[in-house]
Amino acid sequence: MKILPRLSFALDPLGRLFITRMWAISAGIFAFAGASVAFALVYELPQLLRDGLDWGYDIVFYVMAAVLYGRGARAERAGALALGFVMGVAGVHTIYDILDKIAVPRPIEPIVLGFSALSAAASGFIVVWLLLPFRAAQNPLIEATWLSARNTMISTAAYASVTLVARLATSRMVEYGLDIFAAVLCFQAAYVIIRDATTPREGVLR
């Protein structure tokens, strides 16, 4: 029994490049996240552990895009809908994380926070750079990956700029504000992805 339609071998060079980069991005994030989680477990660093596990959303995103791209419009729309759902879940998880921080304030780990912020920002810019050739593609699955990468770049750049200072400050309101901003980006991306995957495609990527 076939689970997925057969991959078309008539993919244009840009399509083959897209799949290759999806797998490369997935492997790179998995390796980095796995090393971060292992380090966090060995040295008992709960904040780094959370940050490492949060990369799971990105891995799911890019693996699904690599698997489903080129398997027909129906499979690609279904994949885009699933990715939109993942973005929504990420937004809900971010809101839950804010409430958890307020209820149980977490200890400050300055070195870990700085490393997480800078590494996340660097990876965000790298992924966006890798996806630039596809930013105008009229395909809901590609749009989903582009919006995810764009949001990651924006939110991680903001965190890298101010989050360390915010978390070391007496008030945590700036930190919570950044988290809310990240959640809003997730919900906005989920809305656009689901809307464009369920309506006729005539526009281009945003």
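Name the pairs: first residue in segment 171-192 and under 14 Å from Leu99 (Cβ atoms) and at pLDDT 85 or above, second residue of a type outside the set (Ser, Thr, Tyr) and in a helix (DSSP H, G or I), Cβ to Cβ under 7 Å, at least 6 apart or on different chains?
Ile180/Ile98; Ala183/Gly91; Ala183/Ile95
When the residues of segment 24-59 are filtered to those that are over 19 Å from Met153 (Cα atoms) and either under 13 Å from the mean Cα position of the chain (by Cα) or among the aromatic types (Phe, Trp, Tyr) (or both), which remaining residue is modelled with the highest pLDDT?
Looking at the filtered set, the residue picked out is Phe39.
Collect the residues in segment 52-70 that are touching a Leu at 6+ places or on another chain (Cβ under 9 Å) and in contact (Cβ under 8 Å) with a residue 24 or more places away in the chain, keeping them in residue-number order.
Of everything in segment 52-70, those that are touching a Leu at 6+ places or on another chain (Cβ under 9 Å) and in contact (Cβ under 8 Å) with a residue 24 or more places away in the chain turn out to be Val60, Phe61, Ala65, Val67, Leu68, Tyr69, Gly70.
Specify the residue that is modelled with the lowest pLDDT; the eligible residues are those in segment 65-78 that are in contact with a helix residue (DSSP H, G or I) (Cβ under 7 Å, 6 or more places away or on another chain) and under 13 Å from Thr198 (Cβ atoms).
Of everything passing the filter in segment 65-78, Glu76 is modelled with the lowest pLDDT.
Scan Ile102, Ile126 and give me the residue that is out of contact with any Lys or Arg (no Cβ under 7 Å at 6 or more places or on another chain), over 26 Å from Ala24 (Cα atoms) and surrounded by fewer than 19 Cβ atoms within 10 Å (Cβ to Cβ).
Matching residue, one of Ile102, Ile126: Ile102.
Quick check on my filter: what residues within segment 109-140 are without any contact (Cβ under 8 Å) to a residue 24 or more places away in the chain and small (Gly, Ala, Ser)?
Within segment 109-140, Ala122 is the sole residue that qualifies.
Taking interchain pairs and intrachain pairs at least six residues apart, which have beta carbon atoms under 9 angstrom, with the first residue in segment 32-46 and over 18 Å from Ala120 (Cβ atoms) and the second assigned to a helix (DSSP H, G or I)?
Leu41/Leu49
Take the residues in segment 65-79 that are in contact with a Ser or Thr (Cβ under 9 Å, 6 or more places away or on another chain) and of a type in the set (A, V, I, L, M); name whichever of them is surrounded by the fewest Cβ atoms within 10 Å (Cβ to Cβ).
If we take residues in segment 65-79 being in contact with a Ser or Thr (Cβ under 9 Å, 6 or more places away or on another chain) and of a type in the set (A, V, I, L, M), then Ala66 is surrounded by the fewest Cβ atoms within 10 Å (Cβ to Cβ).
Here is a check on your reading of the model: is Ser8 farther than 26 Å from Gly124 by Cβ, among the polar types (S, T, N, Q) and either surrounded by fewer than 17 Cβ atoms within 10 Å (Cβ to Cβ) or modelled with pLDDT of 90 or more (or both)?
Judged against the criteria, Ser8 is a match.
The values are calculated or read from the model by the stated rules, or taken from the named source; none is laboratory data. Because the structure is predicted, anything quoted here is derived from the model rather than measured. Counting neighbours? That spans all protein chains shown, and the Cβs are built from the backbone with ideal geometry, glycine included.
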